[in-house]
Each structure stands twice: as C-alpha cells, then as structure tokens.
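Asks: Quick one: this structure, given as structure tokens, is what I'll be asking you about.
Derivation of every value follows stated rules applied to the coordinates shown; laboratory data play no part. Given the structure is predicted, the values throughout are model-derived calculations rather than measurements. We place every Cβ from the backbone using ideal geometry, glycine too, and count neighbours over all the protein chains shown.
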Amino acid sequence: MKRIDLNQAWGQGILYGITDAHLFGGSCAEAAKALVLAGVSWVQYRAKGLDLATQRAELKDLIPWVRAQGAYLLVNDSVELAQELGADGVHLGQGDMEPQKARALLGPYAILGWSTHNLAQVQSAQGMDLDYLGVGPAFPTQTKPAEPVVGLDFLGQASLYSSLPLVAIGGIDLSRIKAVQKTGVRSVAMIQGLFEAPDLRARVQRIKERLAR
C-alpha cells in the first residue's frame with residue numbers, strides 16, 4: 001500500500017465536507033452519504049454529542065460504502081473508532097490525542113489531519129507526521145460560536161510557513177472562497193455552506209468550479 005500524497009492528490013484545492021446532523025436534518029451517516037452522492041470526495045464524519053456506540057454502528061456500514069464510491073472518510077476526534085473500523089484517517093483538534101501518538105496507533109497509511117489556530121501551532125506541526133492542517137476559523141461560524149476567529153491574515157501566514165496542505169475552515173461559503181484563495185490556502189472545509197443549500201448537488205458543483213479557477 002502506498003501512502004497518499006495529499007499535495008499531489010488535492011492539486012489546486014478540494015472541497016472537504018463535514019457532517020452535521022442538525023443542519024442536515026438526519027443522521028451523520030445520512031449526511032455523509034448525501035455529501036458523497038452530491039460529489040464531495042473528502043468527508044469528515046463529525047458527530048458531536050453522539051455516543052461512541054451509535055457512532056460505531058453508523059461508521060461500520062458507512063466506511064465501506066464511502067470507499068465503494070471512490071471517496072474518503074475521516075473520523076473526527078476518535079482515533080479509537082478510526083482504528084477499530086478502518087477509516088481512511090482521523091482529524092484531531094488541539095484538545096484531542098497528540099498527533100504522534102495517533103500516528104503510532106493508526107500506522108503509516110492513515111490520513112492524519114490536525115486543527116491549528118495560531119502560527120505557533122502551524123510551525124510545531126512541521127515536525128510531526130501529519131498529512132494536512134486545518135486552519136481557522138477564518139470567519140465567525142455557528143458551528144463553533146465560542147471559537148475565536150483568527151481571520152484571513154492567519155491563513156496567509158500559515159500558507160507561507162507550512163509545507164503541509166492546508167484546509168481553511170470556519171464560516172466559509174461560496175461567496176468567501178475567493179477571499180480564502182487570495183491567502184494562498186487552496187482547499188476549504190464546509191458545513192453550513194453546504195447543508196443550507198436547497199440543492200446540495202448544485203451547490204457542490206458551483207463550489208468545485210470556483211475552487212478550480
């Protein structure tokens with residue numbers, strides 16, 4: 001098995017969809033499937049507040065389904081579930097398991113992402129065995145209203161200092177993609193910017209076209 005080179009795989013930038021049961025109006029598994037069917041190839045299963053047993057039950061069927069569609073599924077926070085169920089990888093926050101420990105448990109081929117909110121965190125990540133960094137929040141976000149907004153200036157600094165692929169997150173919608181791209185960050189993660197759309201497939205297509213410009 002060959003480890004995925006995200007610098008090459010993500011090319012000019014990707015749309016990274018994150019699940020939210022409340023905004024979607026269904027389960028997180030259903031939200032993930034809707035994203036994949038709409039054309040999102042990189043999905044993070046994020047189920048805040050859902051117990052591990054329920055997450056495990058959803059992921060057991062969801063992971064092979066996503067893989068059969070040619071897409072990738074990463075688990076938010078839980079290295080345990082990602083390892084047990086064979087997810088493509090895991091996304092860690094600053095308060096989660098240390099990336100070095102997660103890599104040791106998941107092995108060399110798992111995709112490992114880490115959220116960063118300041119330049120010191122970005123710089124420290126350069127010495128870690130990570131595949132990408134989440135950077136933000138770029139704008140105020142209803143998903144994490146208490147999270148301090150670090151803004152576009154931080155995204156620009158991160159793009160200069162990081163050798164890892166970066167994914168901007170936090171309050172990003174179709175109208176803000178151009179501003180993000182001007183910072184040098186090529187990829188965007190979205191939750192509300194996707195699920196608020198009356199036509200998810202059409203929204204995904206427009207975002208992907210904007211990213212490709």
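Asks: Rounded to the nearest 500, what is the 222 nm mean residue ellipticity of the chain from helices alone, with -39500 (n - 2.57) per DSSP H run of 4+ residues and division by all residues?
Replies: Theoretical 222 nm ellipticity from helices: -11500 deg cm²/dmol.
Asks: Here's a follow-up. Which entries of Lys101/Lys182; Lys33/Lys144; Lys2/Lys101; Lys33/Lys178; Lys48/Lys101; Lys2/Lys208 have Cα-Cα distances beyond 29 Å here?
Replies: In this structure, Lys101/Lys182 exceed 29 Å between Cα atoms.
Asks: Separate question: Please give, to one decimal in nm, the separation of the simple spin-label points placed at Ser27 and Ile4, each 7 Å out from Cα toward the Cβ.
Replies: Result: 2.3 nm between the two label points.
Asks: Under the classification rounded if a/c is under 1.5, otherwise prolate if a/b is larger than b/c and oblate if not, where does the range 81-148 fall, given a ≥ b ≥ c as square roots of the Cα gyration tensor eigenvalues?
Replies: oblate
Asks: What shape does the range 170-213 have by the C-alpha gyration tensor, where a ≥ b ≥ c are the square roots of the eigenvalues, rounded means a/c under 1.5, and otherwise prolate means a/b greater than b/c and oblate the rest?
Replies: Taking the square roots of the gyration eigenvalues as a ≥ b ≥ c, the range 170-213 is oblate.
Asks: Gln142 label point, 7 Å along Cα→Cβ, cut-off 19 Å on backbone N: hits in the range 28-68?
Replies: Within reach of a label on Gln142, which here means backbone N under 19 Å from a point 7 Å along Cα→Cβ, the range 28-68 contributes 28, 31-32, 35, 46-49.
Asks: Which residue fluctuates most in the GNM of the chain (Cα springs below 10 Å): Ser175, Ser41, Ser163?
Replies: Ser175
Asks: Continuing with this model, one more query. Could you size up the charge dipole of the chain around its Cα centre, putting +1 on the beta carbon of Lys and Arg and -1 on that of Asp and Glu, and report it in debye to the nearest 20?
Replies: 700 debye
Asks: Can you tell me how much longer the chain between Met128 and Glu84 gets when fully stretched, taken as 0.36 nm per residue apart minus their C-alpha distance, in nm with one decimal?
Replies: Difference between extended and current length: 13.5 nm.
Asks: Which of rounded, prolate, oblate describes the chain, given a ≥ b ≥ c as roots of the alpha-carbon gyration tensor eigenvalues and a/c under 1.5 marking rounded, otherwise prolate only if a/b is larger than b/c?
Replies: rounded
Asks: In whole percent, what relative contact order does the chain give with Cα contacts below 8 Å and a gap of six or more residues?
Replies: 21 percent
Asks: Determine the dipole magnitude for the range 68-160: charges of +1 sit on the beta-carbon of Lys and Arg, -1 on that of Asp and Glu, nothing else is charged, the reference point is the Cα centre, and the result goes in debye to the nearest 20.
Replies: Value, rounded to 20: 140 debye.
Asks: Would you mind getting the Kirkwood hydrodynamic radius of the range 30-91 from its Cα pairs, rounded to one decimal in Å?
Replies: About 11.4 Å for the range 30-91.
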